[in-house]
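Right, one structure below, let's go through it.
Please treat every number below as a calculation from the coordinates, not as lab data. In this text, all values refer to a predicted model and were calculated from it rather than measured experimentally. Don't worry about glycine lacking a Cβ; one is built from the backbone with ideal geometry, like all the others, and counts go over all protein chains shown.
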Amino acid sequence: MKSLFSLGAALLLAAAGQVQAAPVKAVATFTVIADVVKQVGGDQVQVTSLVGPNGDPHAYEPTPTDAQALKQANVVFMSGLHLEGWMDRLIKASGQARPPVVLSEGIKTREMAEDEDEHGHADHDHDHGGIDPHVWNNPLNVVVYTRNVVKALSEVDPAAAATFKANGDRYIAELEALDRYAREQIGQVPKQQRKVLTSHDAFGYFADAYGVTFISPLGLSTEAEASAQDVAKLIRQIKQEHVAAYFFENSNDPRLVQQIAKASGAQPGGELYVEALSPADGPASTYAAMFRYNVDTLVKAMKGGH
């Protein structure tokens, strides 16, 4: 009897050792960040994205469900740099005591003039404080995101720290490969052809990294409005610089870009995923897929294959 009891106790202890710890509950402000957290967290983390696929993180209106998700979260991730202007209100409404993890900390940001973007267009949205918040459009900045996620998750769940580090290292290697891919592909396009028209000025980090000129009627935020004077000036610029292609962004209203393209003679180059991933069945369901898709779409149009 004694040996049976001992065996039963041993089996119970072994089973207890195999009990999976509850996953970390993480909330991310928008889909790009949610994907980075998933890549690092794997099965150990349950991620909720406040702004959904194809959503605009500039103009999002939080819901009571978002406040509930925030309250129940073990950790909250945001990009920062005044991108999620609605986040302070939501944190107050939720009663979440822990401050969010700001993933852009450590990224070298692009400074802009107080009242205009790099194309000389008035930026009517001063919320960004002259800093371009769209840091993720260079995958080497997402490497910084990833390191910050690894650190934060390891503090919340120290038992899984080795897993988070291994996942993070694997993902960083993938991000560095994406950077090399962009350089190789865009390097095949003659410099004078690397000019495109987009809805708003969200590709600055991409432009700086890969030598592409993006011209846009709006400033850094989709909530800005372009004046008739801005639009007329832009149409002249597009004609002078022989901009061949224009692009819609999945999270923005395309009408202004269509109007400018019609007046300037630019041809449609397709849709770009700038601030939001696509739904799971779309071409940009992860950050890596989104970045590669954008590179391929831009290169095809700049080469004249639109």
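Taking amide hydrogens as placed 1.01 Å from N in the peptide plane, the amide H of Val45 sits under 5 Å from those of Val24, each at least 5 positions away in sequence or on another chain. Projecting the Cα atoms of Gly42, Pro158, Leu140 onto the dipole axis of segment 22-177, where Lys and Arg carry +1 and Asp and Glu carry -1 at the beta carbon, places Pro158 farthest toward the positive end. Listed by chain and number, the lysines whose C-alpha is less than 23 Å from the C-alpha of Lys239, apart from same-chain residues fewer than 8 away, are Lys191, Lys195, Lys262, Lys300, Lys303. Straight-line cross-link partners of Lys108 among the lysines, defined as a Cα under 21 Å from its Cα and at least 8 positions apart when in the same chain: Lys151.
Taking the fewest neighbouring Cβ atoms within 10 Å as the starting point, the ordered list for Tyr181, Tyr273 is Tyr181, Tyr273.
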